[in-house]
Structure formats: C-alpha cells, structure tokens
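**Student:** Got a structure for you, questions after.
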Amino acid sequence: MKATDPVTAYRTFVSYIDRTREFYAAQGYEKPYLWAHHADVPFAQLRKPLAECRATLVTTASPWSDARPTDGVLRGSKQVWSGPTAEPPQRLFTDDLAWDKEATHTDDVESFLPIERLRAHVASGRLGGVAPRFHGVPTDYSQRRTIEVDAPEILRRCREDEVDVALLVPL
C-alpha cells in the first residue's frame, strides 16, 4: 500500500507500530522510532533437514525478578541473557514490553517461549534436538546496539551451543 492510502493513514485496530512510536515519544525521544529494514535479510537456507537440526528460542522477555520498581517503574534486563531449556522458567518478566495487555496475558510462558512444543517436535521426529539454552535479548530503542552488541552475542551463544535454527519469539 502507498503511504497516501487512507487505510494506512489511520488504523482502527491496535497498531504495534503506532503504540511503539507513542511509547518512545513519551520516554522523551525526540526522533520518531524508525523500524529496522534490511535489503539483505540475514536468513539462510538450512544446510540439513530440519529433522537433523538443533533449535533454540530467542525471546524479548526478561528473567523474572522480585526487584522493586526504580522511580516507580519496574524494568526488565537490558542485557542478553540465557536460561536452561532443561528447566524452563515458570515466569518471565514482560510488563515493560509493548504487548496488548488488555487483550491477552503472559501467564502461560509456553505461549511465548514454547520449549515444550520444541520437545514435542523432537519426539515426533520433525526436529533433531533442542539446544541446552534459550536466549533473551532486550528490546532497545537503539538499532545500533541491537546490531553491533546484542545480535553478535546471541549468534556467539548459538554457535557455542551448535544451534542450526533460532526461532525468534518477540513480545
């Protein structure tokens, strides 16, 4: 659609893009948030059948913490982190992320960190294995930080775990 199309000029549904721009504007950022776009998408064809691949998950949720709010705000981790897939977390921190909190909830961790579903695919023979760790990456206003710091660290950890497939499950 063209930008002049009346459908894109005003959306009647909950728009993640609009909500995110409004969120960052409310945080004091002067420039509107620009969504990342890449002419050369960093995806690659699998080198072997999925049934022989080891998979991991990458989430934007943070580890759960009983920490108290700072300045009235409770924030998640802003660092790359990892957790064991052998013992998936019962809870993750998602309150600081921009998801529709009126339409859904994140009480069911499996709905956005589907480790058990991956295991079911291994049991059925559809997937070769589940990596020993899943990973968390912060949502960040800075695309530069995401590209130069967080993405290379996730890649390093995936290579360390001999991962063939990384499924990104953002909130």
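**Student:** Do we have Phe134 as of a type in the set (Phe, Trp, Tyr) and at pLDDT 75 or above here?
**Tutor:** Details: of a type in the set (Phe, Trp, Tyr): yes; at pLDDT 75 or above: yes.
Taking the combined requirement at face value, the residue satisfies it.
**Student:** So the check is Cβ under 8 Å with 6+ separation or different chains; which pairs have a first residue in the stretch 159-171 that's assigned to a strand (DSSP E or B) and a second one that's open to solvent by 40 Å² or more (accessible area, probe 1.4 Å)?
**Tutor:** Listed pairs, sorted by first residue: Val165/Leu46; Val165/Leu50; Val165/Arg54.
**Student:** Regarding Ala103, is this residue on the phi < 0 side of the Ramachandran plot, of a type in the set (Gly, Ala, Ser) and modelled with pLDDT under 95? Explain how you work it out, then say what you get.
**Tutor:** On the way: on the phi < 0 side of the Ramachandran plot: yes; of a type in the set (Gly, Ala, Ser): yes; modelled with pLDDT under 95: yes.
Yes: the conditions hold for Ala103.
**Student:** Same structure, new question: In the list Gly128, Gly136, which residue meets the criterion of being touching an Asp or Glu at 6+ places or on another chain (Cβ under 6 Å) and open to solvent by less than 70 Å² (accessible area, probe 1.4 Å)?
**Tutor:** On the way: Gly136 fails: touching an Asp or Glu at 6+ places or on another chain (Cβ under 6 Å).
The match here is Gly128.
The values are calculated or read from the model by the stated rules, or taken from the named source; none is laboratory data. Since the model is a prediction, treat every value here as computed from it, not as a measurement. Don't worry about glycine lacking a Cβ; one is built from the backbone with ideal geometry, like all the others, and counts go over all protein chains shown. Ligands, DNA and RNA are excluded from the accessible area calculation, which covers all protein heavy atoms including side chains. Shrake-Rupley method; radii C 1.70, N 1.55, O 1.52, S 1.80 Å.
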